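Peer 1: Okay, handing you the structure first.
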Amino acid sequence: MSTTSGDTSSLAGPRPRTLVPDVVAGLLNDGSAYVVARAAAQEAAHRGSRVRFVQVAAAGMTPEERDDLDRYTFRAALRALKGLHRVPCSFEVVDGDPGPALVERSVGAGLLVVGRDAPATERAVARHCLEYARCDVLTVATG
């Protein structure tokens, strides 16, 4: 078989899939997990990327508290994915201060999604992420 048109794309085999950077959902145990997870899942579906659900756990949790947190994260993520088709995802729970932990986990991501900081809160997770993350940061209203 000879090719006369000069088009060799069919001879090269399938084209490699372009990697789209992940969307990271920064989930905190403050009642905002579903809203943040849903915004991240929708964004990942729109971009054609994977969503990584990252739950930040406080240091010193008991194994039972950690298990509850794992279930909470998984449940919020599953609800967030409902109705979205073929959005690859992963789940992880990390220990530490939420702002720095989420910035660290978002290295290489295309987007980090976090809940907006409450006006009168000492813990400014969104502000920390906006200042230090190397990717775009989307803050969502959670209340």
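Peer 1: Simple spin-label model, 7 Å along Cα-to-Cβ: F74 to E92 in nm?
Peer 2: About 1.8 nm separates the two model spin labels.
Peer 1: Whenever you get a sec, line up L78, L19, L69, L138 from highest to lowest accessible area (probe 1.4 Å, protein heavy atoms).
Peer 2: Ranking L78, L19, L69, L138 by accessible area, largest first, yields L19, L78, L138, L69.
Peer 1: Rolling a 1.4 Å sphere over the protein heavy atoms, what is the accessible area per residue of the chain, to the nearest Å²?
Peer 2: Value for the chain: 62 Å² per residue.
Peer 1: Hey, another quick one. Within 10 Å, at most 12 other Cβ atoms, and a DSSP state outside H, G, I, E, B define an exposed site. Report the longest part of the chain free of exposed trypsin sites (Lys or Arg not before Pro).
Peer 2: 18-81
Peer 1: Moving on to the next point. Would you mind working out the magnitude of the charge dipole of the chain relative to its Cα centre, with +1 at each Lys and Arg C-beta and -1 at each Asp and Glu C-beta, to the nearest 20 Debye?
Peer 2: 680 debye
Peer 1: May I ask for the angle, rounded to the nearest 10°, between helix 63-81 and the longest principal axis of the chain, with both axes built from Cα atoms and the value confined to 0 to 90°?
Peer 2: Result, in degrees: 50.
Peer 1: Rounded to the nearest 500, what is the chain's calculated 222 nm mean residue ellipticity when only DSSP H runs of at least 4 contribute -39500 (n - 2.57) each, over all residues?
Peer 2: -11000 deg cm²/dmol
Peer 1: Run the accessible area of the chain with a 1.4 Å probe and give the carbon-and-sulfur part as a rounded percent.
Peer 2: Reported share for carbon and sulfur atoms: 50 percent.
Peer 1: May I ask for the distance between the Cα centers of segment 94-143 and segment 55-91, given as a whole number of Å?
Peer 2: Segment 94-143 and segment 55-91 have Cα centres spaced 17 Å from each other.
The values are calculated or read from the model by the stated rules, or taken from the named source; none is laboratory data. The model shown is predicted, which means the values in this text are computed figures rather than measured ones. Note that each Cβ is placed from the backbone with ideal geometry, even for glycine, and that neighbours are counted across all protein chains shown. When the accessible area is computed, the model is the full protein with side chains, heavy atoms only, and any ligands, DNA or RNA have been set aside. Shrake-Rupley method; radii C 1.70, N 1.55, O 1.52, S 1.80 Å.
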